[in-house]
Amino acid sequence: ADLTLQAAGEGARLTGTLTVTSGAYREPITAMARRFSAPQPAQARGGASPLDAVELDVRLTASTPIVIENSAGRIDLVPSMSVRGTLAEPAMFGTLDMVDDGRLSLLGRTFRLSEARVAFSGDGDPDVLIIGETRVGDYQVTLRAGGPMTDMQASYSSDPPLSERDLRSLLVTGRTTDIT
């Protein structure tokens, strides 16, 4: 960490750079989702705090990719982020972008990720974009998932194209509905 705390008006300001030298996050996917659901502002927790007087402007970097690996898959992310707000209510801004290939296990299938990004806008519920592919028999299936972490929506497509019903059947059973 290379941080500076300076007096600023009636409070203080913490600035600088915080570098993660190695990081691996291995908690279950359910624990990850809970971390982003309904954060409580400091006012709801009991009012003003001395921490409200300390402003933040800290850049987050990493010397190596941050690894997220759990039952849902593996992805290596590089931050381009900052923490702003106050010590009482820190807010994250910027992105975590995938490097190399990641993998995501979903519906009993492993999708090789071609794109993944988590974008923080300071509201505590980051936007996620995930694009990945898997092969099921003669079909290349593409997953596109996105939206706020707490309400992501997924869609699937295939090559050659299948109806939504056949595509769901293919992902769950490994066969389309027209196969007897």
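On inspection, ALA48 does not qualify as modelled with pLDDT under 80, under 23 Å from GLY124 (Cβ atoms) and open to solvent by less than 60 Å² (accessible area, probe 1.4 Å).
For residues that are more than 18 Å from GLY132 (Cβ to Cβ) and part of a loop (DSSP other than H, G, I, E, B), tally how many sit in the range 162-173. Selection size over the range 162-173: 1. Of all residues in the range 76-124, those satisfying the criterion of being over 13 Å from LEU60 (Cα atoms), open to solvent by 60 Å² or more (accessible area, probe 1.4 Å) and among the hydroxyl-bearing types (Ser, Thr, Tyr) are THR110, SER114, SER121. Scanning the range 125-180 for residues that are over 19 Å from LEU104 (Cα atoms) and open to solvent by 80 Å² or more (accessible area, probe 1.4 Å) yields a count of 9.
The values are calculated or read from the model by the stated rules, or taken from the named source; none is laboratory data. Just so it is clear, the structure is predicted and the values come from calculations on it, not from any experiment. FYI the Cβ positions are ideal-geometry reconstructions off the backbone, even for glycines, and counts take in every protein chain you see. To get the accessible areas, we keep the full protein, side chains included, count just its heavy atoms, and leave off ligands, DNA and RNA. Shrake-Rupley method; radii C 1.70, N 1.55, O 1.52, S 1.80 Å.
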